[in-house]
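Derivation of every value follows stated rules applied to the coordinates shown; laboratory data play no part. This is a predicted model, so every value here is computed, not measured. Cβ: placed from backbone, ideal geometry, glycine included. Neighbour counts: every protein chain shown.
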Amino acid sequence: MKKDKILVIGACGQIGVELTLALRKMYGDANVIASDLREEHELLKGSGPYVSLDVMNKEMLHVLVIRHNITQIYLLAAILSATGEKNPLLAWHINMASLLNVLDIAKEENIDKVYWPSSIAVFGPNSPKEETPQHTIIEPTTIYGISKFAGERWCEYYNHRYGVDVRSLRYPGLISYKSAPGGGTTDYAVEIFHEALEEKKYTCFLKEDTYLPMMYMPDAIRATIELMEAEKDKIKIRSSYNLGGMSFSPKEISAEIKKHIPEFTISYEPDYRQQIADGWPASMDDSLARQDWGWKPEFSLENMTTDMLKNLQK
Ligand code: NAD
């Protein structure tokens, strides 16, 4: 029987660190190779193999995959929404070339499974805002959303045309305490916890009533692993699954934090990220993920807030 050997690309990012640690628990430390452009993240040090890799260098990636007999690739390297708007051509180039390099090597080397995340950013102002369905109008207006939507089409194409077992989730904004967020429009929901504990006040870059779909990192890691562990024939959607957790506004999360830190105050100075958020859904309909592979979120705004504050105070 072939032993699994996993390569995580972009392992030092907000999701990568926690996903790598979770995969190492499941598959054994030595069988999960972490890679990134950056220096190895503190939390990964000593927990398993690490290689420095630029995913844009297809030849180097190909050699790495062959040398280590890689059977699964998790591609997490990307330019995120807010950073992407500052340099659209770079974001397009990196987000597309990284995915095409991975998909093509997966096809060439018969890699068992590939994971690549999409985002709620594929939706645009013309999509239904509440309980946004899986199949609906998809007209993204940010370069990040455009690159994710194009990426979804490439994933489906490589699956249908070449049989590459690529799986994907449209993550909502992710909230975590272990590794810092990497330049997204939902980063406020992480910053607010740090500032609440350190300064007792926070200035939010979104308006108080901006509702966005969000998810606590333990749910996102579990969803990713459950999707990847599901039987192949259960994965009916080969572009990317809608994934839901919770939906809240800056006003609501600040009220929740106030229950724990009564002196906490919030003020609002919306910037260019408001326009990005305005084009995105407020909540997601993830019924197909629930139906096909049994997805069920565990965290709500209440229990996430308690857990975030407890862990950040440690
Ligand atoms: P992040 O920015 O925190 O991490 C990305 C990592 O990729 C970084 O460590 C970076 O150094 C690395 N990287 C960048 N360019 C690289 C290259 N050329 N070669 C190798 N590594 C490179 O991002 P994240 O939040 O962990 O997101 C991971 C994935 O999930 C991305 O595809 C992102 O679009 C998607 N996603 C994230 C969120 C979220 O809220 N965090 C929401 C929806 C989708």
**Fill in**
Within the stretch 274-314, the residues whose backbone N lies under 18 Å from a label point placed 7 Å from the Cα of Ile261 along the Cα-to-Cβ direction are 301-314
**Request:** Take the Cα gyration tensor of the chain, multiply each eigenvalue by 5, square-root it, and list the three semi-axes largest first, rounded to whole angstrom.
**Result:** 31, 22, 18
**Asked** Volume per residue, Å³, of the convex hull around the alpha-carbon atoms of the stretch 25-157?
**Response** 142
**Point-charge dipole on Cβ atoms (K/R +1, D/E -1) for the chain, about Cα centre, debye to 20** = 700
**Complete:** For Glu199 and Glu302, extending 7 Å from Cα along the Cα-Cβ vector and measuring point to point gives, in nm, a value of 3.0
**Request:** Please report how far the C-alpha centroid of the stretch 1-57 lies from that of the stretch 77-148, rounded to the nearest whole angstrom.
**Result:** 22
**Prompt:** Of the peptides 63-70, 97-104, how do they stack up when ordered by the mean number of other Cβ atoms within 10 Å, highest first?
**Reply:** 97-104, 63-70
**Request:** Tell me what the chain gives for mean residue ellipticity at 222 nm when only DSSP H runs of n ≥ 4 count, each as -39,500 (n - 2.57), the sum divided by the residue total, rounded to 500 deg cm²/dmol.
**Result:** -13000 deg cm²/dmol
**Message:** Per-residue counts of other Cβ atoms within 10 Å, averaged by peptide: what ranking do you get for 255-261, 224-230, 119-125, highest first?
**Reply:** 119-125, 224-230, 255-261
**Prompt:** How big is the stretch 272-314 in terms of Cα radius of gyration and Dmax, in angstroms?
**Reply:** 15.3, 38
**Asked** By how many nm would the segment from Glu156 to Ala180 grow when fully extended, if each residue of separation counts as 0.36 nm and the alpha-carbon distance is taken off?
**Response** 5.6 nm
**Message:** Can you compute log10 of I(q)/I(0) for the stretch 1-82 with the Debye formula, treating each Cα as one identical point scatterer, at q = 0.13, 0.19, 0.20, 0.22 Å⁻¹?
**Reply:** -0.36, -0.76, -0.84, -1.01
**Message:** Restricting to Cα pairs below 8 Å that are 6+ residues apart, what does the relative contact order work out to for the chain? Please round to a whole percent.
**Reply:** 18
**10 Å binning of all Cα-Cα separations within the stretch 89-173, expressed as whole percents from 0 upward** = 17, 47, 28, 7, 0
**Request:** Please get the size of the charge dipole for the stretch 219-314, origin at its Cα centre, with Cβ charges of +1 on Lys and Arg and -1 on Asp and Glu, quoted in debye to the nearest 20.
**Result:** 140
**Asked** Roughly what would the spin-label model give for Asn126 and Lys236, points 7 Å off Cα along C-beta, in nm?
**Response** 2.7
**Asked** Under the classification rounded if a/c is under 1.5, otherwise prolate if a/b is larger than b/c and oblate if not, where does the stretch 181-271 fall, given a ≥ b ≥ c as square roots of the Cα gyration tensor eigenvalues?
**Response** prolate
**Prompt:** Considering only the other residues whose Cβ falls under 13 Å of the Cβ of Gln313, what net charge follows from Lys and Arg at +1 and Asp and Glu at -1?
**Reply:** 0
**Spatial extent of the stretch 1-40: Rg and Dmax, with the Cα atoms as the point set, Å** = 10.1, 34
**Message:** Rounded, prolate or oblate, given the Cα gyration tensor of the stretch 227-275, with a/c below 1.5 counting as rounded?
**Reply:** oblate
**Request:** Just need the relative contact order of the stretch 105-250 here, percent rounded to a whole number, with Cα pairs under 8 Å and 6+ apart.
**Result:** 29
**Prompt:** Of the peptides 290-298, 237-245, how do they stack up when ordered by the mean number of other Cβ atoms within 10 Å, highest first?
**Reply:** 237-245, 290-298
**Asked** In whole percent, what relative contact order does the stretch 182-314 give with Cα contacts below 8 Å and a gap of six or more residues?
**Response** 39
